[in-house]
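Written below as structure tokens is the structure these notes are about.
What follows is calculated from the coordinates using simple rules that are stated; it is not laboratory data. On a predicted model such as this, the values are computed, not experimentally measured, just so you know. Neighbour counts run over all protein chains shown; Cβ positions are idealised from the backbone, glycine included.
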Amino acid sequence: MTTLDDLWFLADEANQRAEQAYHRLRRRYDEFMERSLDRRVSRPRFRTLARRVKETGAPFGAHTIVYRENGDLLLCRHEGVDLWVLPGGGVDPGETFAEAARRELHEEAGLSVEYDGLAMANRVQIRCDAYETWGVLPVFAAEAVTETPAVADPDDEISCARWFDDLPEDTRDRTDLEAWRRRQSFG
């Protein structure tokens, strides 16, 4: 069997796991935004992302939109991609998406929050040459209980965490975050 065939089988297994993960989210959470993202990647990156999806259903883990009562959002500066991003990251073996989002938030911002549920369930289409697969990107919503971020990222990817009223231009998925914020009722 060639490497190309292995990649096709990996993509097929990843598709199956993504379907299972998506349907678990639909059964557990009532109302959330959905959107589709399309990522064209190199062959090595495709293999890495497809393996993650095969293991967990999610190529990029789980994330959290953290907000204050006035509508400010918390963003983390991710030095690896040179962007402001939501706190979040990979799902460890045996972890649910919600558990992963909570752990990553603690590492990247050190805040206490009260989770509201699922804010977004994004479908991430991943393509490389003739190969494609997809995975879910769950984004939870949580209101801050404590308001002073404290970064303790073991990966040293996050350099700071800050509150924003106006999101910086270099915010990953800025348009989607602003759309989510418009749908909320902030005091």
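A few comments on the model shown:
- Peptide ranges 18-31, 112-125, 55-68 listed from the most packed, as the mean C-beta count within 10 angstrom indicates: 55-68, 112-125, 18-31
- Label zone at Gln16, where the point sits 7 Å out along the Cα-to-Cβ direction: segment 123-143 residues whose backbone N lies under 15 Å: 134
- Were the residues from Arg39 through Asp82 laid out at 0.36 nm apart, the gain over their Cα-Cα distance would be 13.7 nm.
- Computed on segment 1-110, with alpha-carbon pairs under 8 angstrom and 6+ residues apart, the relative contact order is 23 percent.
- Taking a point 7 Å out from the Cα of Ala150 in the direction of its Cβ, the residues of segment 80-122 whose backbone N falls within less than 14 Å of it are 106-113.
- Three semi-axes of the equivalent ellipsoid, segment 3-183, Cα gyration tensor, whole Å, largest first: 28, 17, 15
- Mean ellipticity per residue at 222 nm, deg cm²/dmol - from DSSP H runs of n ≥ 4 across the chain, formula -39500 (n - 2.57): -11000 deg cm²/dmol
- Gain in span if fully extended, Ser112 to Asn70, counting 0.36 nm per residue against the direct Cα distance: 13.4 nm
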